[in-house]
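Engineer: Structure in structure tokens, see below.
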């Protein structure tokens, strides 16, 4: 079993350049949450004011809508949302300085090109493990759009949160590679 690379936020170009598709990574540091409704509102706000609700430079957005915390917990289950749903918003956020996203499933060609152009990565989190993933989140702060409930923007503190580099800046794509390997086996 290969050892996981440990990285901390905010991300730098040097860290981004060192990550390769397929690598196991443990993330420690602050990460922001946002899903469809928050992405839409963020970019509408940016169009009107030229500002976002947080400084996006070097940051990671986790596509998650966590469940309410039970007594004694800082957050409820916090599993990844399908990343493709955010594809129409992602290139602009990468242009503004976002360095990483976390979700599940593949990304479209526009996002993969933007990852290369703006030096950013897409991490895949393990779907179906929401309760386990929440154990790697030790602090939660509300940032914006509280009226969106689970889709509000929050700031989460990760302690060695496990992900895989799904798309890197070199065009590596763990999903395409996996399909190629499967096709070879299926012949």
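We did not get these values from a lab; they are worked out from the coordinates using the rules stated. These figures come from a predicted structure and were not determined experimentally. Quick reminder, even Gly has a Cβ in these numbers, built from the backbone with ideal geometry, and neighbours come from all protein chains shown.
Engineer: Under 10 Å, Cα contacts only: if you run a Gaussian network model on the chain, which one of 80, 53, 91 comes out with the highest mean-square fluctuation?
Structural biologist: 53
Engineer: For residue 13 and residue 126, compute 0.36 nm times the residue count separating them, minus their Cα-Cα distance, and round to one decimal in nm.
Structural biologist: The residue 13-residue 126 span can extend by a further 38.2 nm.
Engineer: Okay, moving on. Quick one: work out Rg over Rh on the C-alpha atoms of the chain, Rh as Kirkwood radius.
Structural biologist: 0.96
Engineer: Among 70, 57, 116, which one shows the highest mean-square fluctuation when the chain is modelled as a Gaussian network with alpha-carbon springs under 10 Å?
Structural biologist: The residue with the greatest mean-square fluctuation here is 70.
Engineer: Would you work out the relative contact order for the chain, in percent, from Cα pairs under 8 angstrom that are 6 or more residues apart?
Structural biologist: Answer for the chain is 29 percent.
Engineer: Something else: Plugging the Kirkwood radius over Cα pairs into Stokes-Einstein for segment 85-176, at a temperature of 37 °C and a viscosity of 0.692 mPa s, what D comes out in µm²/s?
Structural biologist: Here the translational diffusion coefficient equals 229 µm²/s.
Engineer: Follow-up question, since we're still on this one. What distance in nm separates the simple spin-label points at residue 146 and residue 20, each placed 7 Å from Cα in the Cβ direction?
Structural biologist: 4.7
Engineer: Given springs between every Cα pair under 10 Å in a Gaussian network model of the chain, which of 18, 134, 77 has the largest fluctuation?
Structural biologist: 18
Engineer: Rounded to the nearest 5, what % of DSSP beta bridges with both residues in the chain are antiparallel?
Structural biologist: The antiparallel fraction comes to roughly 60 percent.
Engineer: Expressed as a whole number of Å, what is the distance separating the alpha-carbon centroids of segment 110-163 and segment 1-66?
Structural biologist: Here the answer is 7 Å between Cα centres.
Engineer: Based only on other Cβ atoms within 10 Å, what is the fewest-to-most ordering of 165, 174?
Structural biologist: 174, 165
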